[in-house]
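Below: one structure, written as structure tokens.
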Amino acid sequence: MQSKLTEHKKRLGTGQWVLIMVMLFFVLICTLPFVNVIAVSLSSKSAILRGDVTFWPAEFTAKAYEVIVGDKSMFRSLFLTVEITLIYTILSMVLTILIAFPLTMKRLKGRKFFMLFIVFTMYFSGGMIPIYLNIKELGLLNKKWSLILPGLISTFNVIILKNFFSSLPYELNEAAYIDGANDFQILLMVYLPLSFSSLATLALFYAVGKWNSFSDALYYITSRDLQPLQLKLYNLIKGGQAVEVAVQEGNASDLSSSISESIESATIIFATLPILVVYPFVQRYFVTGVTLGAVKG
Amino acid sequence: MKRILTLLLTLCVLLGMVPVSAMADEGWTTLRVEMYDRSIAGFNVEDCWQLRYIQKNFGDPNKIKVEWVPVSRWEEGTILNNLLAGGTAPDICMTYGGDMVLQYAEMGGILPLDELLAEHGQELTAFLGQEVLQFGQFDVGGGKLQYSLPARRIITAAQSMYIRQDWLDKLEMQVPNNVEELYAYLKAAKENNLGGAKTIPYSSDLYASDPFYGWIFQMDAFIDYTQVTEEDWVTYHDFHYLLPGAKEALRWMNKFFNEGLVTDYFGISNSDQTDSDRVMGHDGFWVGNWDSAWRMEMSYSHDLEKNVPGASWIACDAFKAVNGPTVHETYNAAGQYLFIPAWVSEETAIAAVKYLNWMSLPESLFALQNGEIGHNYTTVDEHGIPTDLKNINDTEDAYKMHATDGAPICNGFYYGSDELNYAATAMGFPGYEDAVAASLVISNDGGYEPISFTRAIQGRIDYGSMVSSKEGELLVQAVTCTPDKFDAVWEEYTQAILTSGGQNIIDEQRAAYHEGAYRGFYPMAEKK
């Protein structure tokens with residue numbers, strides 16, 4: 001037994017131990033801030049002010065979570081965000097696939113032109129006010145769709161998917177064609193089943209991106225019923241930092257409007273939890289998906 | 001294929017479902033008013049007590065339907081910019097960004113209010129007063145006109161100085177009145193380790209956007225006013241450290257630092273550490289906003305007492321002028337800016353001015369700021385001032401309200417006179433009423449409002465951020481260098497400020513002085 005253990009230890013050489021330590025270091029860098037946020041969300045205001053809270057709650061209290069759970073609009077925002085994210089992700093995937101697939105077809109004339117046309121948007125945009133005017137002219141202001149339709153297609157994701165499709169043997173395409181399949185059948189029955197990992201990765205990109213976005217809602221949405229969770233979170237956090245602002249506003253004693261740090265942290269956890277729950281299930285496709293597309297492009 | 005077609009079809013149908021906006025009722029005017037949204041739990045901006053009160057007491061009798069349009073408080077400038085550019089801005093807009101108002105006035109995007117006010121806004125004009133109204137007057141080519149209505153700022157006090165009462169008692173010292181007495185206190189506190197091993201007699205935090213802000217009281221105490229003309233004052237007001245004598249205030253800071261009396265991370269913004277030092281009792285003196293020691297959210301006093309029994313903060317004036325009267329910079333009398341976009345119809349513009357005019361009536365203003373008895377407060381004192389006004393988190397949802405947002409003509413609570421306003425403000429800090437009142441007196445003593453310019457100073461726009469970052473360097477280098485190098489460092493870094501755009505700003509401000517394009521006054525004007 002003893003010898004076996006030492007043998008095992010021997011197999012893990014110093015180099016590997018160093019690697020493990022380095023990895024552990026990076027893991028801690030990533031997780032500790034999160035642990036800190038959790039600790040703050042469960043601590044009393046006085047303890048936070050004293051600077052007592054690092055990785056373990058001090059003067060434990062769940063009041064911040066009570067406030068959040070007691071706020072109906074928080075759940076309304078949560079459901080709205082889930083709904084928007086779902087619709088957005090599905091539509092985005094459909095459109096991205098429908099752009100990326102033809103661009104890999106050698107038969108398509110002017111492929112380079114279309115590609116340039118698409119890539120162009122990565123570097124140039126109309127600017128905030130023109131985009132706002134556009135949304136307004138389309139009658140989308142203060143509508144759920146203003147959070148979904150703009151930015152349905154991410155150029156970056158189109159390129160990733162196009163490269164992935166290109167990496168599949170073109171002979172498959174030809175074989176299916178000879179067997180009598182049309183383009184849609186080739187896409188649905190040959191390409192998509194082979195691209196599952198890539199598709200899952202892109203869907204995750206789209207979903208996380210939408211989940212975390214708030215700037216579109218900041219400008220296009222005024223109605224409180226249509227505020228996504230991240231916009232609420234943004235307002236809460238800004239409110240928490242607004243002590244100086246309250247003085248400027250002449251409302252100093254009514255600082256209640258500023259939010260305590262624990263509520264802020266609890267909201268962060270509340271808003272991150274759904275992604276944390278979903279992530280492990282999609283994560284295994286992540287690495288294969290992106291690198292396959294990227295390297296063989 | 002079918003599936004994809006169906007999806008696309010659904011998309012088209014959904015796009016077509018964008019509803020047509022509702023038609024207004026016959027004979028009624030709809031008035032859309034911008035309202036800040038702060039995402040306060042349980043508080044719905046679009047349907048709240050204040051709005052219902054306004055509709056019942058102002059809207060219904062005047063056949064005006066009042067709607068509040070929520071705009072995030074923290075991005076109000078950018079959002080309002082979008083709304084104005086897109087022509088979707090509310091009929092009454094409000095913002096804390098005075099520059100934007102001037103910019104849109106110059107482009108003809110804002111309605112001048114002079115005639116409307118004369119006809120429908122007498123009470124409002126009287127309430128705001130000329131001192132406040134002048135901040136909303138601009139000359140953009142057609143003579144000086146009232147483009148915006150600044151809110152009346154009730155408390156103009158800005159900063160105060162805080163010292164530990166329990167340390168003074170232990171040292172058997174009086175409250176310091178000048179920098180030498182302060183030095184004796186700081187020195188004794190350090191020698192006796194009154195705050196334990198981590199004693200920091202004088203703690204300071206840095207405002208990156210205006211580095212010298214926290215030292216303006218100290219500098220004012222050292223300025224040699226016999227050498228300062230009104231022209232110098234206007235020109236150099238935001239280069240306060242260049243006024244004759246101001247440098248000596250910083251020499252004292254340098255001395256404090258070199259003797260270990262100041263935070264050793266001086267110049268690095270580290271508010272978490274500062275907070276912790278203040279509530280753990282390590283800290284003996286600091287300069288901050290007039291109410292910082294007692295604020296509900298960052299209650300230094302309350303938490304200090306919990307952590308260190310018997311400890312307390314009191315306000316003091318440790319920087320009385322060496323010779324001559326003491327002056328203290330305050331805020332100016334104007335708060336946020338209200339305006340009406342140029343495209344608003346005459347009918348709606350009249351409704352808008354009527355709305356604000358109605359708001360300035362004592363009864364309306366009181367209700368909008370204080371809410372309803374039994375819900376927002378239970379008792380009033382002999383002057384009719386609520387003594388137990390609840391804060392928004394403790395109020396039941398149906399009565400939640402935000403005073404300054406709901407009654408935007410006023411920044412701060414108004415009860416009829418300065419005396420009552422100050423008393424009411426102190427009452428907002430239960431348990432610390434006297435200390436807060438004393439802090440307000442100190443902060444207002446010899447108050448003067450900062451100089452501002454009525455036209456844009458182009459140099460400030462071009463070089464402003466560069467200059468303030470150089471100012472930060474000057475402050476940190478001058479305070480942390482060894483005393484023998486102080487003069488050389490001062491010379492080097494002030495030169496750097498002047499050559500990196502400071503001189504341009506100064507020249508332009510001097511020109512603005514000669515044009516009379518400024519507001520504010522020289523505090524020593526009458527005394528000379």
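With N denoting the number of residues in region B:223-323, provide Rg(C-alpha) divided by 2.2 N^0.38 Å, to two decimal places.
The reported ratio for this selection is 1.34.
Non-local amide H neighbours of residue B:71 (under 5 Å, H modeled in plane, Pro and chain starts lacking H): which ones?
Excluding prolines and chain starts, which carry no amide H, the hits are B:35, B:36, B:37.
Hey, got a sec? Which chymotrypsin sites (Phe, Trp or Tyr not before Pro) in region A:71-176 land in a DSSP loop and have at most 16 other Cβ atoms within 10 Å?
Numbers: sites: A:75, A:79, A:88, A:113, A:114, A:117, A:120, A:123, A:124, A:132, A:145, A:156, A:164, A:165, A:170; in loops: A:124.
Filter output for region A:71-176: A:124.
With the cut-off at 1.5 for a/c, could you classify region B:379-429 from its C-alpha gyration tensor as rounded, prolate or oblate?
Here region B:379-429 falls in the oblate category.
What's the center-to-center distance, using Cα atoms, between region B:457-528 and region B:372-443 in Å?
Cα centres, region B:457-528 to region B:372-443: 39 Å.
With +1 on the Cβ of every Lys and Arg and -1 on the Cβ of every Asp and Glu, and nothing else charged, how large is the dipole of region B:332-418 about its Cα centre, in debye rounded to the nearest 20? Each step should come with its number before you reach the end.
Details: 3 positive and 12 negative charges, 51 e Å.
Dipole size: approximately 240 debye.
Here is the link list: B:144/B:400; B:63/B:390; A:72/B:56; A:136/B:56; B:170/B:306. Which ones come out longer than 29 Å on Cα distance? Before the final figure, lay out the partial values.
Working: B:144/B:400 40 Å; B:63/B:390 33 Å; A:72/B:56 27 Å; A:136/B:56 32 Å; B:170/B:306 19 Å.
Too far apart for the 29 Å limit: B:144/B:400; B:63/B:390; A:136/B:56.
Report, in cubic angstrom per residue, the convex hull volume of the C-alpha atoms of the protein assembly as shown.
235
Under 28 Å Cα-Cα from residue B:247, which lysines qualify once same-chain neighbours fewer than 8 residues away are excluded?
Reachable lysines: B:187, B:190, B:255, B:320, B:470, B:485, B:527, B:528.
Looking at the calculated P(r) for chain A, what percent of the C-alpha pair distances fall above 31 Å? Display every interim value, and only then the final one.
Values: 21946 of 43956 pairs.
That tail contains 50 percent of the Cα-Cα pairs.
Please list, by residue number, every one of the trypsin sites (Lys or Arg not before Pro) in region B:45-143 that is coil in DSSP and has at most 10 other beta-carbon atoms within 10 Å.
The qualifying sites: there are none.
Taking H as built 1.01 Å from N, whose amide H comes closer than 5 Å to the amide H of residue B:200, not counting residues under 5 places away?
Long-range HN contacts for residue B:200: B:283, B:284.
Cα extents of region A:41-94 along the three principal axes, largest first, in whole Å?
51, 24, 13
For region A:56-159, state which trypsin sites (Lys or Arg not before Pro) are in a DSSP loop and have at most 15 other beta carbons lying within 10 Å of their beta carbon.
For trypsin sites (Lys or Arg not before Pro) across region A:56-159 that sit outside H, G, I, E and B with at most 15 neighbouring Cβ atoms in 10 Å, the list reads A:106, A:107, A:109.
Can you give the local net charge around residue B:506? Use residues other than it whose beta-carbon is closer than 14 angstrom to its beta-carbon, Lys and Arg +1, Asp and Glu -1.
-4
Which Cα, out of B:78, A:217, B:509, lies furthest along the positive dipole direction of the protein assembly as shown (beta carbon charges, K/R +1, D/E -1)?
Result: A:217, furthest along the dipole toward the positive end.
Residue farthest toward the positive end of the dipole of chain A, with Cβ of Lys/Arg at +1 and Asp/Glu at -1: which of A:163, A:132, A:43?
Highest projection toward the positive end goes to A:163.
Taking a cut-off of 20 Å between Cα atoms, list the lysines near residue A:210, but don't count ones fewer than 8 places away on the same chain.
Cα-Cα hits under 20 Å: A:143, A:144, A:232.
Using the crude model of +1 on Lys and Arg Cβ and -1 on Asp and Glu Cβ, and no other charge, please compute the dipole size for region B:164-260 relative to its Cα centre, in debye to 20.
In total the dipole reaches around 580 debye.
Please name whichever of B:350, B:468, B:116 sits farthest to the positive end of the charge dipole of the protein assembly as shown, dipole taken about the Cα centre and charges placed at Cβ: Lys and Arg +1, Asp and Glu -1.
B:468
Students often check this: by mean Cβ neighbours within 10 Å, which of B:273-286, A:15-28 ranks highest, and how do the rest follow?
Listed from highest to lowest mean packing, they are B:273-286, A:15-28.
Quick check on region A:1-151: take the gyration tensor over C-alpha atoms, sort the square-rooted eigenvalues as a ≥ b ≥ c, and tell me if it's rounded (a/c under 1.5), prolate or oblate. Could you put the intermediate results ahead of the total?
Values: a/c = 2.96, a/b = 1.33, b/c = 2.23.
The shape class here is oblate.
When a/c is below 1.5 the answer is rounded, else prolate if a/b is larger than b/c, else oblate, so apply that to region A:81-180 with a ≥ b ≥ c taken from the square roots of the Cα gyration tensor eigenvalues.
Cα axes put region A:81-180 in the prolate bin.
Suppose each label sits 7 Å from its Cα in the direction of the beta carbon; what would the residue B:420-residue B:251 distance come out to in nanometres?
5.0
In a shell of Cβ-Cβ distance under 13 Å around residue B:286, excluding residue B:286 itself, what net charge do Lys and Arg (+1) and Asp and Glu (-1) give?
Overall, the nearby charge balance is -2.
Every read-out reported here was derived from the displayed coordinates using simple, explicitly stated rules and does not represent laboratory data. Everything numeric in this text was worked out from a predicted model, so none of it was measured. Cβ coordinates were reconstructed from backbone atoms using ideal geometry, including for glycine residues, and neighbour counts include every protein chain displayed.
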